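No value in this document is a laboratory result; all are computed from the given coordinates. These numbers were taken from a predicted model, which means no experiment stands behind them. Because the Cβ atoms are built from the backbone with ideal geometry, glycine has one as well, and the counts that use them run over all protein chains shown.
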Amino acid sequence: MNEIDKSFLNDIIKNPHKISEIEFDKILQILRTVKNILDEEYLLLKFKIKEEIEEVYVIGDIHGNLNSLMRLIDIINKNNPKLVIFLGDIVDRGPKQLECLLIVLILKILFPLKYYILRGNHETLEMNEYYGFLRDFNLRFKNINKFNEILNIYNFLPICSLINGGILCLHGGIPKDTEIIKKLQGQKCKNLKLIFNSVAQSIYQIMWNDPKTELNGFSDSFRGPGIFFFGYDVFENFMEVNDLKYLIRAHECFPEGFKWFFNKRLLSIFSSADYRGFYHPNPASYAIIKNNEVIPKLI
Ligand SMILES: [Mn+2]
């Protein structure tokens with residue numbers, strides 16, 4: 001495949017409404033270029049950033065909210081952090097799902113060492129079937145096989161990211177298996193199938209679990225089988241075993257925009273404003289990592 005035209009990509013970022021007109025061939029070229037980059041990434045991304053100088057921006061669920069995404073990109077362009085990590089759930093529910101997905105993927109192509117995308121529970125066929133992205137996609141492209149190219153991206157996304165050894169970023173929550181970080185360590189995304197049986201349940205829990213105050217241990221979640229709430233005690237244990245200071249996750253929308261749990265060691269962010277509509281407003285939030293501390297922000 002030919003080298004992708006960067007000026008075309010820059011034009012799309014500046015004019016995301018043009019995505020409604022681009023041909024599938026162009027989309028395919030974007031997807032395959034991203035796939036080549038993801039092939040070399042790790043399921044557990046590890047970064048070292050310089051204290052006091054460099055910042056990481058962590059972005060939560062977008063869910064097709066192009067307005068929120070473009071505002072975040074403005075903030076990122078203005079402040080120029082070293083790294084930007086999306087915690088997944090780019091598609092489903094909102095009005096501009098393909099636009100949001102392609103913009104995030106284009107940023108990955110243009111700045112592959114700055115933008116990273118983790119897998120959320122909506123980066124799956126099952127959720128896209130139920131919550132709208134597959135239907136929207138089929139209405140436009142009229143060929144269900146083309147969706148396999150999207151799934152091919154989901155299946156190669158990293159699962160979690162570790163900053164300076166002490167701040168873990170993921171979509172949902174900690175899994176029951178405290179050894180999962182060690183198991184994912186050094187494993188390339190393209191090799192997930194080789195270790196799949198030993199990590200599948202934990203990866204599922206990382207994408208789906210939720211924290212719950214005043215809970216001990218794990219309890220079954222209303223979200224479905226194999227998904228759990230986790231309490232402070234098991235959270236502390238997971239953090240201690242893995243020598244972690246903070247956990248940043250997304251996956252839940254709060255009216256106040258973000259929420260601290262567990263003595264301010266777990267920050268929950270969500271980056272789609274007014275997610276449940278006009279009558280249940282919420283500001284979009286994101287997190288800044290600087291000096292090995294975590295700072296929540298509203299936009
Ligand atoms: Mn989610």
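What the table below lists for this structure:
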| read-out | value |
| --- | --- |
| FRET efficiency for F196 and N36, using Cβ-Cβ distance with R0 set to 30 Å, rounded to 0.05 | 0.90 |
| Charge dipole (debye, nearest 20) of the chain; +1 at Cβ of Lys and Arg, -1 at Cβ of Asp and Glu | 380 |
| Residue exposure sequence - D243, D92 - by fewest surrounding Cβ within 10 Å | D243, D92 |
| Added length on full extension, which subtracts the Cα-Cα distance from 0.36 nm per residue, F141 to L28 | 39.5 nm |
| Whole-number D in µm² s⁻¹ for the chain, Kirkwood Cα-pair radius fed into Stokes-Einstein, 10 °C, 1.306 mPa s | 82 |
| Highest-MSF residue in the chain out of E40, E52, E240 [GNM, Cα springs under 10 Å] | E52 |
| The chain: most fluctuating residue of R276, R140, R249 per GNM, C-alpha cutoff 10 Å | R140 |
| Folded to 0 to 90 degrees: helix 232-241 orientation relative to the chain principal axis, Cα | 80 |
| Percent of alpha-carbon pairs separated by more than 20 Å within the stretch 174-243 | 31 |
| Neighbour-count ranking [beta-carbon atoms within 10 angstrom, fewest first] of T213, T124 | T213, T124 |
| For the stretch 110-151 and the stretch 228-245, distance of Cα centres in Å | 31 |
| Of F141, F86, F222, the one that fluctuates the most in a GNM where the chain has Cα springs shorter than 10 Å | F222 |
| Nearest-0.05 FRET efficiency for D177 and H280, computed from C-beta distance (R0 25 Å) | 0.10 |
| Simple label model, 7 Å out from Cα along Cβ direction - N152 to I299, nm | 3.0 |
| Whole-Å distance, taken between Cα centres, linking the stretch 18-86 and the stretch 157-210 | 19 |
| Residue (of I117, S272, N242) at the positive-pole extreme of the chain, dipole from beta-carbon charges | I117 |
| Inter-site label distance for D243 and E51 at 7 Å from Cα along Cβ, in nm | 1.5 |
| Residue (of F229, H63, L107) at the positive-pole extreme of the stretch 6-298, dipole from beta-carbon charges | L107 |
| Cross-link table K6/K146; K35/K259; K142/K183; K190/K259, entries beyond 32 Å C-alpha to C-alpha | K35/K259; K142/K183; K190/K259 |
| Förster radius 35 Å - calculated FRET efficiency between I4 and L125, Cβ distance, rounded to 0.05 | 0.85 |
